[in-house]
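Working notes for the structure below.
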Amino acid sequence: GVNLTWTPLGLAPAADDAPPPVLPCPEEPRVPPDLVEEWRQAGEDASLGLRELRGKLDDIGDVARLQAVQSAALHIAAQPALLGLDAAADAVAPVLKCFYM
């Protein structure tokens, strides 16, 4: 076998008397953390609303409306560009899991 050792640039061992290298400062976040949390909460609220809707339709036995909601979820997953969704896989996967698992 072959043993391969990889050391990132700037972290290679220095001379014995040299101090350890200084790591770079982390980048400033491009989006404020409170805005990210607000976005996550909005997604959770929407997901909860969809689950409640599906539960109501299941309880009532309204198969036609349940199939319409499932069809809408599949259309969003199949053609996200029509609705302007760039990260459709990340956004739609929880919806599909909610309806089909």
For the structure I just gave you, tell me whether Leu83 is under 21 Å from the mean Cα position of the chain (by Cα) and modelled with pLDDT under 80. yes
Do you know which residues across the stretch 24-37 are exposed (fewer than 11 other Cβ atoms within 10 Å of the Cβ) and under 22 Å from the mean Cα position of the chain (by Cα)? Glu27, Glu28, Pro29, Arg30, Val31, Pro32, Pro33, Asp34, Leu35, Glu37
Please tell me if Pro26 is modelled with pLDDT of 75 or more and outside any helix (DSSP H, G or I). yes
Scanning the stretch 52-67 residue by residue, those surrounded by 12 or more Cβ atoms within 10 Å (Cβ to Cβ) and either assigned to a helix (DSSP H, G or I) or within 17 Å of the chain's Cα centre (by Cα) (or both) turn out to be Leu53, Arg54, Lys56, Leu57, Arg65, Leu66
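The values are calculated or read from the model by the stated rules, or taken from the named source; none is laboratory data. The model shown is predicted, which means the values in this text are computed figures rather than measured ones. Cβ: placed from backbone, ideal geometry, glycine included. Neighbour counts: every protein chain shown.
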